[in-house]
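I have placed the structure first, in the form of structure tokens, so that the comments after it can refer back to it.
The values are calculated or read from the model by the stated rules, or taken from the named source; none is laboratory data. Keep in mind it's a predicted model, so treat the numbers as computed, not measured. Here the Cβ positions follow ideal geometry from the backbone for every residue, glycine too, while neighbour counts run over all protein chains shown. These accessible areas exclude ligands, DNA and RNA; they are computed on the full protein's heavy atoms, side chains included. Shrake-Rupley method; radii C 1.70, N 1.55, O 1.52, S 1.80 Å.
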Amino acid sequence: MLRHLPGLLLLLWQLLLLLPRAVPGPLDRPGFLRLGTRGPGGSPGRRPAPAAPTGTPYSGAGQHGGARGAGVCKSMPLDLVFIIDSSRSVRPLEFTKVKTFISRVIDTLDIGPADTRVAVVNYASTVKIEFHLQTHSDKQSLKQAVARITPLSTGTMSGLAIQTAMDEAFTVEAGARGPASNIPKVAIIVTDGRPQDQVNEVAARAQASGIELYAVGVDRADMESLRMMASEPLDEHVFYVETYGVIEKLSSRFQETFCALDPCALGTHQCQHVCVSDGEGKHHCECSQGYSLNADKKTCSVINKCALNTHGCEHICVNDRNGSYHCECYEGYTLNEDRKTCSAQDQCALGTHDCQHICVNDRAGSHHCECYEGYTLNEDKKTCSVRDQCALGSHGCQHICVNDGAASYHCDCYTGYTLNEDKKTCSAIAEARRLISTEDACACEATLAFQDKVSSYLQRLNTKHILSGRFSASA
């Protein structure tokens with residue numbers, strides 16, 4: 001048995017030499033990416049994705065073909081046009097896979113007039129725009145329109161399809177947004193064959209007009225043509241899958257491509273208090289109530305400890321200049337030794353009431369002022385003014401004080417008395433009559449006698465005048 005071993009080994013060596021050697025395939029050339037062999041980093045076309053911070057929950061990080069976790073990524077607004085090859089080489093079931101791929105990409109996007117707008121250009125030997133960017137503004141109607149697309153015919157006019165997309169799909173009239181909007185224009189071309197027209201020049205014109213081109217090759221796709229159509233860098237814009245059966249999985253790659261990472265959700269924002277997402281991967285920091293944002297736009301400083309509602313003051317919190325605070329109490333209360341709580345105080349007993357006449361304690365440590373009888377409380381609610389001087393008892397009238405209003409008065413006397421010249425004291429009327437002198441009484445009688453004489457003389461003179469008139473008439 002051992003003597004036959006050298007012959008067996010020689011035969012085995014000859015069989016090994018007859019085995020075919022591995023030939024480098026198109027995917028071994030630089031500039032192509034097979035599904036699942038993406039390089040490090042994230043979004044194709046301009047920006048590497050930051051690594052997830054240690055200890056931060058990050059759904060999808062490090063997973064094969066994984067999309068960003070929910071809430072971490074929001075798609076940026078795009079004007080997106082799919083350019084799909086539906087020549088005869090694409091079998092009906094394979095074409096269905098292409099439509100599924102488009103629908104899954106749509107699912108990862110924020111669709112709407114202000115977000116991403118989608119159009120589809122279908123081509124073979126002819127080109128057909130299935131719907132424009134402005135046709136559908138929601139995912140449901142958009143996906144329904146994709147499902148209704150049917151293959152065209154033979155031929156693979158990729159250059160004509162790109163030209164049609166540039167001239168008709170990416171126009172303002174068709175729903176594309178103008179340069180002032182700063183919305184990226186993106187085209188994804190999917191093909192499994194070799195273009196039957198020139199693609200390099202038309203692709204260069206499309207890129208020069210601001211359209212970013214991604215090329216997805218399937219099965220028999222010509223790799224050199226994919227390189228000519230795609231934008232730079234090629235390793236981020238050229239994709240290849242071996243069969244249509246796995247093309248759907250590319251949707252996660254494009255989700256990363258069109259993903260605007262949310263630093264607030266990632267936990268990479270460095271905001272001390274609150275992180276606010278502004279969309280398109282942008283954010284800003286804000287502070288909690290009672291704090292202000294510092295010059296670094298990330299950290300916060302206290303501006304109003306009283307506004308934080310953690311001061312513990314029972315009544316009033318007062319901010320101090322140095323960022324601290326102190327407690328005060330309402331009127332009628334005094335601050336306790338704990339410098340936070342308050343106790344009701346008796347201001348009337350303390351003599352701090354400022355009442356001119358009377359201080360009256362009310363409940364809850366408050367008080368009010370009142371006035372003595374004959375006085376009225378002034379508008380300041382503390383001082384008093386005379387209302388009835390007669391009531392005060394300081395008028396000086398011997399008999400009667402009569403109030404005249406406006407704090408004035410006069411004196412009067414009882415019946416049988418008369419007011420003296422001092423306007424305050426009174427004298428009896430009988431006593432006044434005795435004080436009239438006898439001489440004054442005689443003068444009165446003489447005046448009466450004289451009045452009687454004058455009246456008698458006038459009567460006689462009048463009679464004489466009447467008789468004289470009658471005598472003249474008889475003569």
* Asked: Are any of the residues in the stretch 340-347 within 30 Å of Val274 (Cα to Cα), at pLDDT below 85 and either of a type in the set (A, V, I, L, M, F, W, C) or within 29 Å of the chain's Cα centre (by Cα) (or both)?
  -> no
* Structure fact -> Screening Lys340, Lys305 for residues that are crowded, with 17+ Cβ neighbours inside 10 Å, farther than 30 Å from Thr376 by Cβ and among the basic types (Lys, Arg) leaves only Lys305
* Structure fact -> Restricting the stretch 169-200 to residues that are touching a residue at least 24 places away in the same chain (Cβ under 8 Å) and part of a helix (DSSP H, G or I), the one farthest from Thr156 (Cα to Cα) turns out to be Pro179
* Structure fact -> If we take the stretch 77-168, then strands (runs of 3 or more DSSP E) inside it with 2 or more residues that are over 24 Å from Lys249 (Cα atoms) and out of contact with any Lys or Arg (no Cβ under 6 Å at 6 or more places or on another chain) are 127-131
* Is the stretch 372-390 home to any residue that is part of a loop (DSSP other than H, G, I, E, B), under 30 Å from Thr425 (Cα atoms) and out of contact with any helix residue (DSSP H, G or I) (no Cβ under 9 Å at 6 or more places or on another chain)? -> yes
* To do: Could you identify the single residue in Leu133, Leu152, Leu142 that is open to solvent by 10 Å² or more (accessible area, probe 1.4 Å), more than 22 Å from Val241 (Cα to Cα), in contact (Cβ under 8 Å) with a residue 12 or more places away in the chain and hydrophobic (A, V, I, L, M, F, W, C)?
  => Leu152
* Asked: Got a number for residues in the stretch 166-201 being over 26 Å from Val90 (Cβ atoms), charged (D, E, K, R) and surrounded by fewer than 18 Cβ atoms within 10 Å (Cβ to Cβ)?
  -> 1
* Asked: Residue check, His284 against (1) modelled with pLDDT of 90 or more; (2) assigned to a helix (DSSP H, G or I); (3) surrounded by fewer than 16 Cβ atoms within 10 Å (Cβ to Cβ), all met but one. Which one?
  -> (2)
* To do: Within the stretch 391-426, track down each residue that is assigned to a loop (DSSP other than H, G, I, E, B) and in contact (Cβ under 8 Å) with a residue 24 or more places away in the chain.
  => Gly396, Cys397, Gln398, His399, Lys424, Thr425
